[in-house]
Amino acid sequence: MMQLGESSADILSQTPGVQRAPFADLELFQRKQFLAPALCAALIELIEAGRRPSTIADANGDALFRTSETCDLDPDHPAVRELESRLVALNEIDPAHGEPVQGQRYAPGQEFKPHTDYFDPDGADWERYCAVSGQRTWTFMVYPNSVEAGGGTRFVAAKKIVQPEAGKLLAWNNRRAGGEPNPATLHHGMKVRRGVKYVITKWYREGPWR
């Protein structure tokens, strides 16, 4: 297992079908058909059953900054256990460093404006979210469904938009080589224009999750 919630480009690239995006300042990977349709459907059912309004750290006064819904997924559910097993096999990160899996749901018109997954060390909520387990290191995100229109994930600095596609996984390192947060990970969950978008997200931390 890698230490401190870390994976690496070499480890991810060992999996057939994993592709690295050609950006020098951003370690971004994708793998199509990472999850089978039946598993995707089961995860969507869990999101629908448990969704609630999403929130943000370091509130910025913009009530429309994140308009999606969120769901914490039951770690004992067979579908979630299968997802976790596949992620460990891919990234080789010690599961103790992983946050609980979350799901998100975006209806037409909903979005998550440009943001980073790491927490601002100078932000008002730093102690609340990072005092125990430390900063986020890696993000692993899966689209369990395709979207009729809109809903792409736009990486602002790289000028790259990734379209939702059922079963596709995205993964990126939230830190630079020296360990500091990487602002090139700024990304935008763009507005859904038609249909509903679901997302499964797994974040990892510097220290064990508590």
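Residue-level analysis places Val80 outside the set of residues that are out of contact with any Ser or Thr (no Cβ under 8 Å at 6 or more places or on another chain), assigned to a loop (DSSP other than H, G, I, E, B), modelled with pLDDT of 95 or more and not hydroxyl-bearing (Ser, Thr, Tyr).
Here Pro108 meets the list (1) loosely packed, with under 14 Cβ neighbours inside 10 Å; (2) more than 24 Å from Asp10 (Cβ to Cβ); (3) not aromatic (Phe, Trp, Tyr) almost entirely, failing just condition (1). List, please: which pairs have Cβ atoms under 9 Å, are six or more places apart or on different chains, and start with a residue in region 15-40 that is free of Cβ contacts under 8 Å to residues at least 24 places away in the same chain and end with one that is exposed (fewer than 13 other Cβ atoms within 10 Å of the Cβ) and of a type in the set (S, T, N, Q)? Close Cβ pairs (under 9 Å, with a partner that is exposed (fewer than 13 other Cβ atoms within 10 Å of the Cβ) and of a type in the set (S, T, N, Q)) amount to Gly17/Gln33; Gln19/Ser13; Arg20/Ser13.
Filtering region 184-195 to residues that are of a type outside the set (A, V, I, L, M), more than 14 Å from the chain's Cα centre (by Cα) and either crowded, with 16+ Cβ neighbours inside 10 Å or within 10 Å of Asp117 (Cβ to Cβ) (or both) leaves Lys191, Gly195.
When each of Leu43, Leu39 is tested for being farther than 21 Å from Gly178 by Cα, under 15 Å from the mean Cα position of the chain (by Cα) and in a helix (DSSP H, G or I), the lone residue that passes is Leu43.
Residue-by-condition table, conditions (1) modelled with pLDDT under 95; (2) in contact with a helix residue (DSSP H, G or I) (Cβ under 7 Å, 6 or more places away or on another chain); (3) of a type outside the set (A, V, I, L, M, F, W, C):
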{"position": "Gly5", "(1), (2), (3)": "yes, yes, yes"}
{"position": "Ala9", "(1), (2), (3)": "yes, no, no"}
{"position": "Gln14", "(1), (2), (3)": "yes, no, yes"}
{"position": "Val18", "(1), (2), (3)": "no, yes, no"}
{"position": "Leu26", "(1), (2), (3)": "no, yes, no"}
{"position": "Gln33", "(1), (2), (3)": "no, no, yes"}
{"position": "Leu39", "(1), (2), (3)": "no, yes, no"}
{"position": "Leu43", "(1), (2), (3)": "no, yes, no"}
{"position": "Arg51", "(1), (2), (3)": "no, no, yes"}
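Taken over region 157-180, the criterion of being surrounded by fewer than 17 Cβ atoms within 10 Å (Cβ to Cβ), over 29 Å from Arg81 (Cα atoms) and not basic (Lys, Arg) is satisfied by Ala157, Ile161, Ala177, Gly178, Gly179, Glu180. The strands (runs of 3 or more DSSP E) found entirely in region 97-183 that carry 2 or more residues being under 15 Å from the mean Cα position of the chain (by Cα) and of a type in the set (S, T, N, Q) are 102-106, 136-143.
Considered as a group, the residues in region 53-70 that are of a type in the set (Asp, Glu) and closer than 20 Å to Trp126 by Cβ include one that is modelled with the lowest pLDDT, and that residue is Asp58.
The values are calculated or read from the model by the stated rules, or taken from the named source; none is laboratory data. Since the structure is predicted, the reported quantities are computational estimates derived from the model, not experimental observations. So basically every Cβ, Gly included, is an ideal-geometry build from the backbone, and we count neighbours across all protein chains shown.
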